Ligand code: SAJ
């Protein structure tokens, strides 16, 4: 352990980050900036090629930050797992999606741990950052990475440390976001704390890898359940003839004991709709039903269909059938000001409108084309003539869109993000969630 601590102290520890996506890339940058020799390892040759050229493919990381690190030789990339042969620390940042039956898909974690085991040597630190169910590190990684070859806390160190990347967040980045760390043993936690302490301002140690795994799931379940709550409050408010957006903003004036969440057309991204289901799945194996998680998932998953029904109602009020109408979806990214469209509710909204017989286009300044969830389309031009459509539905509230022009030109706007609240104009043609 001392030898490893020494290497970390002297910034000589060789670090391999497995998976250089929106979590792994900022990590390799921070470690390289701190002076460590770092390899970004990924199965995707395109990411490896772009990183080697110092060309960023993640919105939050400018290429200008990558190039000097590549030129210095401290940061390299590879598709060859053999780079782990002389790694002192391996950090796993691979996806943890759900499969078709909404159960955890552990394929990427299993493959990464197999590869680490195949290239493992004494005195390695392995940290799992991928969001997963409590018990994964202890039940999957520890057996595979000790297996009678290495002794935990002596010549192999294993920990879990959840990622807390918020894509598009201009304030919080890897370095200034506190990092929770749980070690498989106290020695494992000490080594992990030393490593992350070299690049992150605040470290938050917890007592076990299970606790650290649960911290992350609580964080994201907290969001999913509260978003599900306000989505249901939106449905209730509409039936009561109350403006839910006004109510939430007024409730947010309470300086304590309240945190505003806002309704929307559904829950997107590869974290919030997915991570809580890792916890509810785990609880089912223990014969316990995680009711809040499942209820929130039901409500959040119904929001795209609810949004489609609002469009249909609004067209009907204008004496138009959805069937044969032309509808423009404004925004296909899963949240504002990002180009990521994974699990975006826009897909179900588009296919739902098409099932009603509407002709649907989408416009998104960040997403030129999509081929996902049964939708294969190109964005129309951002100077689209809104008047060409019978209805425009705002699904993503990108800040760069000219909503005043949309309000002037559109015949009808279904506003699922309250973007029209402060826009001057004829609000009689706006239907709000
Ligand atoms: N959403 C709502 N209403 C809200 C907030 C969000 O409908 O009040 C929707 C968004 O439009 C989006 C989805 O929920 O479709 C998720 O949004 P998000 O703001 O949680 O953003 P993510 O998924 O990119 O990132 C979250 C992180 N976000 C914040 O903390 C603000 C954070 O929870 C995690 O670090 C990250 O997931 C992760 O990787 O787990």
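The values are calculated or read from the model by the stated rules, or taken from the named source; none is laboratory data. Please read these numbers as outputs of a predicted model, since none were measured by experiment. Note that each Cβ is placed from the backbone with ideal geometry, even for glycine, and that neighbours are counted across all protein chains shown.
Points to keep in mind about this one:
- Residue count for region 66-110, restricted to those that are crowded, with 17+ Cβ neighbours inside 10 Å and either part of a helix (DSSP H, G or I) or not assigned by TED's automatic domain parsing to the domain that holds residue 7 (or both): 8
- The sole residue among 332, 299 that is assigned to a loop (DSSP other than H, G, I, E, B) and either within 15 Å of the ligand (Cβ to nearest atom) or surrounded by 24 or more Cβ atoms within 10 Å (Cβ to Cβ) (or both) is 332.
- Residues (closer than 22 Å to residue 6 by Cα and more than 16 Å from the ligand (Cβ to nearest atom)) located in region 145-180: 150, 151, 152, 153, 154, 155, 156, 157, 158, 159
Yes or no, residue by residue, for (1) more than 24 Å from the chain's Cα centre (by Cα); (2) surrounded by fewer than 18 Cβ atoms within 10 Å (Cβ to Cβ); (3) over 18 Å from residue 298 (Cβ atoms); (4) modelled with pLDDT under 95:
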{"position": "191", "(1), (2), (3), (4)": "yes, no, yes, no"}
{"position": "199", "(1), (2), (3), (4)": "no, no, yes, no"}
{"position": "202", "(1), (2), (3), (4)": "no, yes, yes, no"}
{"position": "218", "(1), (2), (3), (4)": "no, yes, yes, no"}
{"position": "222", "(1), (2), (3), (4)": "no, yes, no, no"}
{"position": "226", "(1), (2), (3), (4)": "no, yes, no, no"}
{"position": "237", "(1), (2), (3), (4)": "yes, no, yes, no"}
{"position": "242", "(1), (2), (3), (4)": "yes, yes, yes, no"}
{"position": "247", "(1), (2), (3), (4)": "yes, yes, yes, no"}
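- Scanning region 248-274 for residues that are more than 14 Å from the ligand (Cβ to nearest atom) and assigned to a helix (DSSP H, G or I) turns up just one, 250.
- Selected residue (criterion: surrounded by the most Cβ atoms within 10 Å (Cβ to Cβ)) from residues of region 127-170 that are modelled with pLDDT under 95 and within 16 Å of residue 200 (Cα to Cα): 165
- Remark: residue 115 matches the filter, which requires a residue to be within 26 Å of the chain's Cα centre (by Cα), outside any strand (DSSP E or B), touching a residue at least 12 places away in the same chain (Cβ under 8 Å) and more than 16 Å from the ligand (Cβ to nearest atom).
- Residue 231 passes every criterion in (1) in contact (Cβ under 8 Å) with a residue 60 or more places away in the chain; (2) at positive phi apart from (2).
- Test: residue in region 343-355 that is farther than 29 Å from residue 167 by Cα and either within 16 Å of the ligand (Cβ to nearest atom) or out of contact with any strand residue (DSSP E or B) (no Cβ under 8 Å at 6 or more places or on another chain) (or both): yes
- Here residue 321 does not fit the description of being touching a residue at least 12 places away in the same chain (Cβ under 8 Å), more than 10 Å from the ligand (Cβ to nearest atom), within 23 Å of residue 409 (Cα to Cα) and touching a strand residue (DSSP E or B) at 6+ places or on another chain (Cβ under 6 Å).
Here's the yes/no breakdown for (1) in the same structural domain as residue 96 (by TED's automatic domain parsing); (2) at positive phi; (3) touching a residue at least 24 places away in the same chain (Cβ under 8 Å):
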site	(1), (2), (3)
243	no, no, yes
251	no, no, no
266	no, yes, yes
271	no, no, yes
279	no, no, yes
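- Test: residue in region 165-179 that is outside any helix (DSSP H, G or I), over 30 Å from residue 399 (Cβ atoms) and over 16 Å from the mean Cα position of the chain (by Cα): no
- Candidates 372, 383 - the one that is free of Cβ contacts under 8 Å to residues at least 40 places away in the same chain and away from the ligand (no atom under 16 Å from the Cβ): 383
- Taking every residue in region 333-351 that is assigned by TED's automatic domain parsing to the domain that holds residue 312 and on the phi > 0 side of the Ramachandran plot and pairing it with any residue that is away from the ligand (no atom under 12 Å from the Cβ) and modelled with pLDDT of 95 or more, at least 6 positions away or on another chain, the pairs with Cβ-Cβ distances below 6 Å are 337/399.
- Number of the condition not met by residue 369 [criteria: (1) crowded, with 16+ Cβ neighbours inside 10 Å; (2) touching a strand residue (DSSP E or B) at 6+ places or on another chain (Cβ under 9 Å); (3) under 30 Å from residue 61 (Cα atoms)]: (1)
- Per the conditions (1) surrounded by 14 or more Cβ atoms within 10 Å (Cβ to Cβ); (2) touching a helix residue (DSSP H, G or I) at 6+ places or on another chain (Cβ under 8 Å); (3) farther than 21 Å from residue 359 by Cα, the sole criterion not satisfied by residue 274 is (2).
- From 89, 110, 52, residue being under 13 Å from residue 20 (Cβ atoms) and touching a residue at least 12 places away in the same chain (Cβ under 8 Å): 52
- Odd one out for residue 290 among (1) within 16 Å of the ligand (Cβ to nearest atom); (2) without any contact (Cβ under 8 Å) to a residue 24 or more places away in the chain: (1)
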